[in-house]
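The values are calculated or read from the model by the stated rules, or taken from the named source; none is laboratory data. If you're wondering where the values come from, they're calculated on a predicted model, not measured in any experiment. As a convention, Cβ positions derive from the backbone with ideal geometry for all residues, glycine included, and neighbour counts pool all protein chains shown. Just the protein is used for accessible areas: all its heavy atoms, side chains included, with ligands, DNA and RNA removed. Shrake-Rupley method; radii C 1.70, N 1.55, O 1.52, S 1.80 Å.
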There are 2 protein chains.
Amino acid sequence: MKLASLKGGLTGARDGRLVVVSDDLAWCADAAHIAPTLQAALDDWGRAGPALASLAVDLQHEVIPMMRFHERDAASPLPRAYQWADGSAYVNHVELVRRARGAELPESFWSDPLMYQGGSDAFLAPRDPIPLADPAWGCDLEGEVAVIVDDVPQGASRDQALAAIRLVCLVNDVSLRNLIPAELAKGFGFFQSKPASTLSPVAVTPDTLGAAWQDGKLHWPLLITVNGRPFGKADAGVDMTFDFGTLVAHAAKTRSLGAGTVIGSGTVSNRDADGGPGKPIAEGGLGYSCIAEIRMIETIRDGQPATPFLQPGDRVRIEMKDGQGHSLFGAIEQEVVTA
Amino acid sequence: MKLASLKGGLTGARDGRLVVVSDDLAWCADAAHIAPTLQAALDDWGRAGPALASLAVDLQHEVIPMMRFHERDAASPLPRAYQWADGSAYVNHVELVRRARGAELPESFWSDPLMYQGGSDAFLAPRDPIPLADPAWGCDLEGEVAVIVDDVPQGASRDQALAAIRLVCLVNDVSLRNLIPAELAKGFGFFQSKPASTLSPVAVTPDTLGAAWQDGKLHWPLLITVNGRPFGKADAGVDMTFDFGTLVAHAAKTRSLGAGTVIGSGTVSNRDADGGPGKPIAEGGLGYSCIAEIRMIETIRDGQPATPFLQPGDRVRIEMKDGQGHSLFGAIEQEVVTA
């Protein structure tokens, strides 16, 4: 089943209105009689989950009132969440970004997941502009996959964590690259360097992803364009050192996780076929899921980066398609604007 | 006005039931007809705030149905929140804790606030036990003051930030000290080393705090006992390098803050009268608001720490009283238990 939150909604504009969306993203059906918001559904998934699944079947059979689904009308599936924690499962990406900062990659990073606590009081809607007050901050996209979990008890195993995954979606984890070095040097992690992130229009249950959801990883390329030009198509299932079960269990090691917690994969990143860092799409490679990576490659090759960070007017699109070319989660499509 | 959330509640057990509490914490009145939860009230403060204030006047005049208020029945005022960000406004504390870790204090820490993004998917109720899976993790209390804000626009000034403060409360920011060095060394800040925090039974509007709320600081001693023995009584209004207006504006520099965001002061800490680190209460000093500080003093003085971190069975109490000895926020009172 696929779920979305339309802008507006019964409980005020802040949490949207829960709808079930058809697999082809063309139609949706109001789910407010089951749960007014996605958070309310997640709070009571044992009851709401099966009821929503049944509604999704009715929608697929076209036996209930339905509306056209327009991605532009969608808020974030969770317009705000009680927790957003982002891993760095593609250690290839971590290695490149750290090299770009002149920092070494500790050996432990291959066995102990990196994860930071992000802000989740507001996720941008998938077509919302990215408000940037100062282009010198170095605005970057980060294309990621994320899962939304049910309650997870403290100390949960990887298998328990995997079983608690209710939904999968895409993320644009907006980063202000030029604020990161000074902020991380303070020792307390990201704060000002991580403004609001964006979730895809639709969140999808693992069973609906079929064989592409395997071993806690999602096995499709993440398609990214910048200003309409192909920028990345790295496979989210490849080079993912830590699967989502491992990431969720890491988050739950010393505390329980509340229903509706969003756990991100970190920037999707594939090595090149020869084991080196990936090549640009124009050179036959799989490209990148963030600008920092291509700037690193440019620095290694040419002594300095050539690709600028995002400026007002730049447009980013993040999407994932199945083998038939159908969009799975709808598209994140955002323009950077002066705040 | 004083607000609390009783356990249980109309919208399921997760968010509690909003009540207005009398200034002496003896009585309360149901506020569900105004807003079912504190978050709902904060989402619509322009309407709910004045209505709750009016209800508080009626409660004070005893002209409405009222119930006894028992702190043990209180959930956290926000049993879960969309954001919890914790500053380190008492740079004295930061200096001591870093010295204990063998880390230097950069000069910039006196002008640029430290702040970390914390987990807020579950705040422990004020009398909930602290679940600890492994005593070797080094469980510590951290006594703090926090504010709960309305919507704050990106780039808000200190004055705008101050004006957006709706409520003040106390926090026990539970920390797992022995997990911190390795986690901070990874560079992404705290995660596993910061399990669920605890808020005081009652949150109070700034106007109700009277003259004690001044210049964005709360000017009363924070009273802390460990196993019934006085442990700290540092004044929250003294040695606070960054006031709450500055902390909230820091949090809002690159992104807006959603209503209900909780911003903490960091561990309250006073220098000694002679300018050195504070003395234990037993030696005539003001004591400490966390165990890490006294361990640091012991290390400086005796070559090694003597006070152990919290073990299962240990009890912590955090409270603040006005000049007449009346509890302002009720008491956080927690026992550490084996998880």
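Would you point out which residue out of A:Ile300, A:Ile294, A:Ile318 is modelled with pLDDT under 95 and either within 22 Å of the chain's Cα centre (by Cα) or loosely packed, with under 12 Cβ neighbours inside 10 Å (or both)? Show your work before the answer.
Details: A:Ile300 fails: either within 22 Å of the chain's Cα centre (by Cα) or loosely packed, with under 12 Cβ neighbours inside 10 Å (or both); A:Ile318 fails: modelled with pLDDT under 95.
After ruling out the rest, the residue left standing is A:Ile294.
Of the conditions (1) without any contact (Cβ under 8 Å) to a residue 12 or more places away in the chain; (2) within 21 Å of B:His70 (Cβ to Cβ), B:Ile318 fails just one. Which one is it?
So B:Ile318 meets the others, but not (1).
For B:Ser111, state whether it is closer than 26 Å to B:Phe309 by Cα and hydroxyl-bearing (Ser, Thr, Tyr).
Details: closer than 26 Å to B:Phe309 by Cα: no; hydroxyl-bearing (Ser, Thr, Tyr): yes.
Here the answer is no, as B:Ser111 does not meet what is asked.
May I ask you to say which residue of B:Lys233, B:Lys217 is charged (D, E, K, R) and within 28 Å of B:Pro50 (Cβ to Cβ)?
Working: B:Lys233 fails: within 28 Å of B:Pro50 (Cβ to Cβ).
Checking each option against the conditions leaves just B:Lys217.
List pairs: first residue in region B:178-205 and farther than 19 Å from B:Asp140 by Cβ, second residue part of a helix (DSSP H, G or I) and modelled with pLDDT of 95 or more anywhere in the structure, Cβ distance under 7 angstrom, at least six positions apart or on different chains.
If the second residue must be part of a helix (DSSP H, G or I) and modelled with pLDDT of 95 or more, the pairs left are B:Pro201/B:Glu71.
Checking the condition part of a loop (DSSP other than H, G, I, E, B), hydrophobic (A, V, I, L, M, F, W, C) and more than 21 Å from the chain's Cα centre (by Cα), which residue from B:Ala48, B:Ala53, B:Ala81, B:Ala32 passes? Walk me through how you get there before you give the answer.
Working: B:Ala48 fails: part of a loop (DSSP other than H, G, I, E, B); B:Ala53 fails: part of a loop (DSSP other than H, G, I, E, B); B:Ala81 fails: more than 21 Å from the chain's Cα centre (by Cα).
Sole residue among the options that is part of a loop (DSSP other than H, G, I, E, B), hydrophobic (A, V, I, L, M, F, W, C) and more than 21 Å from the chain's Cα centre (by Cα): B:Ala32.
If you check A:Ser175 against the conditions, is it in contact with a Leu (Cβ under 9 Å, 6 or more places away or on another chain) and hydroxyl-bearing (Ser, Thr, Tyr)? Reasoning before the result, please.
On the way: in contact with a Leu (Cβ under 9 Å, 6 or more places away or on another chain): yes; hydroxyl-bearing (Ser, Thr, Tyr): yes.
Spelling it out, A:Ser175 is indeed in contact with a Leu (Cβ under 9 Å, 6 or more places away or on another chain) and hydroxyl-bearing (Ser, Thr, Tyr).
If we keep just the residues of region B:54-82 that are free of Cβ contacts under 8 Å to residues at least 60 places away in the same chain and either among the small types (Gly, Ala, Ser) or closer than 18 Å to B:Gly16 by Cα (or both), which is surrounded by the fewest Cβ atoms within 10 Å (Cβ to Cβ)?
Within region B:54-82, the match that is surrounded by the fewest Cβ atoms within 10 Å (Cβ to Cβ) is B:Arg68.
So A:Gly8 fits all but one of (1) in a helix (DSSP H, G or I); (2) under 26 Å from B:Gly258 (Cβ atoms); what number is the exception?
The single condition A:Gly8 does not satisfy is (1).
Filter region A:23-45 down to residues that are out of contact with any Asp or Glu (no Cβ under 9 Å at 6 or more places or on another chain) and surrounded by fewer than 20 Cβ atoms within 10 Å (Cβ to Cβ), then give me how many there are.
Residues in region A:23-45 being out of contact with any Asp or Glu (no Cβ under 9 Å at 6 or more places or on another chain) and surrounded by fewer than 20 Cβ atoms within 10 Å (Cβ to Cβ): 8 in total.
Any idea which of (1) within 14 Å of chain A (Cβ to nearest Cβ); (2) surrounded by 17 or more Cβ atoms within 10 Å (Cβ to Cβ) is the one B:Thr205 doesn't satisfy?
Only one criterion in (1) within 14 Å of chain A (Cβ to nearest Cβ); (2) surrounded by 17 or more Cβ atoms within 10 Å (Cβ to Cβ) is unmet by B:Thr205, namely (1).
Given A:Ala4, A:Ala56, A:Ala29, which one is closer than 21 Å to A:Leu209 by Cα and touching a Cys at 6+ places or on another chain (Cβ under 8 Å)?
Details: A:Ala56 fails: touching a Cys at 6+ places or on another chain (Cβ under 8 Å); A:Ala29 fails: touching a Cys at 6+ places or on another chain (Cβ under 8 Å).
The unique qualifying residue is A:Ala4.
Is it true that B:Leu184 is open to solvent by less than 10 Å² (accessible area, probe 1.4 Å) and at the interface with another protein chain (Cβ under 7 Å from one of its Cβ atoms)? Reasoning before the result, please.
On the way: open to solvent by less than 10 Å² (accessible area, probe 1.4 Å): no; at the interface with another protein chain (Cβ under 7 Å from one of its Cβ atoms): yes.
Against the criterion (open to solvent by less than 10 Å² (accessible area, probe 1.4 Å) and at the interface with another protein chain (Cβ under 7 Å from one of its Cβ atoms)), B:Leu184 does not qualify.
For region A:88-159, please list each of the strands (runs of 3 or more DSSP E) lying entirely inside it that holds at least 3 residues being within 13 Å of chain B (Cβ to nearest Cβ), under 24 Å from A:Arg295 (Cβ atoms) and out of contact with any Gly (no Cβ under 8 Å at 6 or more places or on another chain). Steps first, please.
Details: elements: A:115-118, A:130-132, A:143-149.
Per the criteria, A:130-132.
Take region B:160-181 and flag every residue that is part of a strand (DSSP E or B) and within 9 Å of chain A (Cβ to nearest Cβ).
Kept after step one, since they are part of a strand (DSSP E or B), are these residues of region B:160-181: B:165-172, B:175-176.
B:Leu176, the sole residue that qualifies.
Restricting to region B:223-248, and then to whatever is of a type in the set (Gly, Ala, Ser) and surrounded by fewer than 24 Cβ atoms within 10 Å (Cβ to Cβ), can you tell me which residue is farthest from the other protein chains (Cβ to nearest Cβ)? Give the steps one after another, and end with the answer.
Going residue by residue through region B:223-248, those that are of a type in the set (Gly, Ala, Ser) are B:228, B:232, B:234, B:236-237, B:245.
Now restrict to residues that are surrounded by fewer than 24 Cβ atoms within 10 Å (Cβ to Cβ): B:228, B:237, B:245.
On the way: B:Gly228: 27, B:Gly237: 24, B:Gly245: 17 Å.
Step by step, filter region B:223-248, then rank; the result is B:Gly228.
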